[in-house]
Amino acid sequence: MIKVAVNGYGTIGKRVADAVSKQPDMKLIGVTKMTPNFEAVQAIKKGIRLYTSKENMKVFEGVGIKVEGDVESLLEEADVIVDATPNGVGAKYRQTYQKLGKKAVFQGGEKADVAQLSFSALCNFEEALGKDSLRVVSCNTTGILRVLCTTMKTGKIAKVRGVIVRRAADLKEVKKGPINALVADPASIPSHHTLDVKSVLRDLDIMTAAVVAPTNLMHLHTLYVTMAERPSKDRLEEVLVRTPRIVLSKSVTSTAELFEAARDAGRERADIPEVVIFQDSINVKDNEVTFMYAVHQESIVVPENVDAIRALMGIRNSMELTNETLGVLKGVFP
Ligand code: NAD
């Protein structure tokens, strides 16, 4: 059993913790949290062992939340640490993980140099095998890379241009905006997603622009992919339909309906870890193919985190098991 500790039990950490608990070859040994909020209470109710900093232990105990010990005492016990702390905090922990001799998975809010390799399972799983640290790229970049690395199976990509409409906040975030504006993010090209994609596909000619929109459900991307040769739309759709973690949607063309469909399907937290490509948006003109697709920011990186744990441990067969245990689909949704 791979002993996994999750450092940072927020939007990503709690989902990764639940996903780890569903793996037959992994044991969730505990999670850490700095704020004694509702997420900490839920962790305890689920029987998850909770840890915090030495200074915080009294605060947690003061509001009746039981903690098992301090952060280091948990990290010492782990084979792999999944760092899901806020942007930039993971980099501060890097030395601690190294000092303890622990393998670590970081998230996309960290700079690429936090880890030995930026990771996207459909693109570079083999390269990640046996590394000491991996960084799962951001939610937007995970979406882009899944689409591009699958498209590459049908032919060489010459260049990519894209527009990313980003959700302004996650559901629980009450202090983020905008509430009534579309914000260029930034008002210069490229957006940071270009660099993030190139941290995995180093030689790709890609340029992205990003806009923040007042919504909290999902992101929506439009990609224009120029292939070296004219692509076959039928072949492309066939490959996309056969690729787990990508689904096509014919009837649903909005993030609101997708979210509702996930709730109707009884999905835990209404999560959609698959990239959802709007089927009618797949359009081929000369050598260019266009895609519009939705990315559920809160859950899309969860399967990749599970695969990253196995890759660090040198285990080759991961993606199928991850998909099966987490119910990640291929084909069509809903
Ligand atoms: P979050 O704020 O929801 O959760 C972070 C958790 O870390 C909180 O529980 C907090 O208590 C805890 N924490 C804070 N300081 C800590 C410390 N010093 N030690 C241990 N724990 C600490 O954040 P999130 O949205 O889950 O983001 C985590 C990472 O995942 C970031 O790198 C982010 O960029 C990335 N990410 C987020 C999303 C998303 O949409 N939320 C998507 C993909 C990737």
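The values are calculated or read from the model by the stated rules, or taken from the named source; none is laboratory data. These numbers come from a predicted model, not from an experiment. As a convention, Cβ positions derive from the backbone with ideal geometry for all residues, glycine included, and neighbour counts pool all protein chains shown.
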When you go through Thr226, Thr194 one by one, which is the residue that is surrounded by fewer than 17 Cβ atoms within 10 Å (Cβ to Cβ) and either polar (S, T, N, Q) or at pLDDT below 95 (or both)? Thr226
Take the conditions over 21 Å from Gly314 (Cα atoms) and away from the ligand (no atom under 11 Å from the Cβ) and apply them to Lys102. Does it pass? no
Residue among Val31, Val4 that alone is within 26 Å of Ser133 (Cα to Cα), within 11 Å of the ligand (Cβ to nearest atom) and surrounded by 15 or more Cβ atoms within 10 Å (Cβ to Cβ): Val31
Filtered residue count, the stretch 148-179, keeping only those that are touching a residue at least 40 places away in the same chain (Cβ under 8 Å), more than 16 Å from Arg202 (Cα to Cα) and away from the ligand (no atom under 16 Å from the Cβ): 7
Quick one: which of Ile44, Ile65 is part of a helix (DSSP H, G or I), farther than 30 Å from Met319 by Cβ and β-branched (Val, Ile, Thr)? Ile44
Take Asp79 and tell me if it is closer than 25 Å to Asp113 by Cα, surrounded by fewer than 22 Cβ atoms within 10 Å (Cβ to Cβ) and away from the ligand (no atom under 12 Å from the Cβ). yes
Does the stretch 96-130 hold any residues that are surrounded by fewer than 18 Cβ atoms within 10 Å (Cβ to Cβ) and more than 27 Å from Leu223 (Cβ to Cβ), and which are they? Thr96, Gln98, Lys99, Leu100, Gly101, Gln116, Leu129, Gly130
Based on what the data block shows, is Val252 touching a residue at least 40 places away in the same chain (Cβ under 8 Å) and either among the polar types (S, T, N, Q) or part of a strand (DSSP E or B) (or both)? no
Can you tell which of Ser299, Ser281, Ser254 is among the small types (Gly, Ala, Ser), at pLDDT 95 or above and buried (at least 19 other Cβ atoms within 10 Å of the Cβ)? Ser299
Filtering the stretch 75-105 down to residues that are under 17 Å from Ser53 (Cα atoms), part of a loop (DSSP other than H, G, I, E, B) and acidic (Asp, Glu) yields Glu76, Glu77
So, Leu312, is that one crowded, with 16+ Cβ neighbours inside 10 Å, touching a Gly at 6+ places or on another chain (Cβ under 8 Å) and farther than 28 Å from Lys159 by Cβ or not? yes
Only residues that are under 13 Å from Asn7 (Cα atoms), within 14 Å of the ligand (Cβ to nearest atom) and assigned to a loop (DSSP other than H, G, I, E, B): list them for the stretch 49-59, please. Ser53
Apart from one, (1) surrounded by 14 or more Cβ atoms within 10 Å (Cβ to Cβ); (2) more than 12 Å from the ligand (Cβ to nearest atom); (3) within 16 Å of Val211 (Cβ to Cβ) all hold for Cys139; the odd one out is (2)
Residues located in the stretch 106-120, provided they are in a helix (DSSP H, G or I), without any contact (Cβ under 8 Å) to a residue 40 or more places away in the chain and either more than 12 Å from the ligand (Cβ to nearest atom) or within 16 Å of Ile29 (Cα to Cα) (or both): Asp113
Would you tally the residues in the stretch 193-225 being without any contact (Cβ under 8 Å) to a residue 12 or more places away in the chain and either in contact with a strand residue (DSSP E or B) (Cβ under 9 Å, 6 or more places away or on another chain) or on the phi > 0 side of the Ramachandran plot (or both)? 1
Can you list residue pairs whose Cβ atoms sit under 6 Å apart, with the first residue in the stretch 121-135 being small (Gly, Ala, Ser) and the second being in a loop (DSSP other than H, G, I, E, B) and crowded, with 23+ Cβ neighbours inside 10 Å? Count only pairs 6 or more apart in sequence or on different chains. Ser133/Ala115
I'd like the full set of residues that are in contact with a helix residue (DSSP H, G or I) (Cβ under 7 Å, 6 or more places away or on another chain) and surrounded by fewer than 19 Cβ atoms within 10 Å (Cβ to Cβ), limited to the stretch 11-28. Lys22
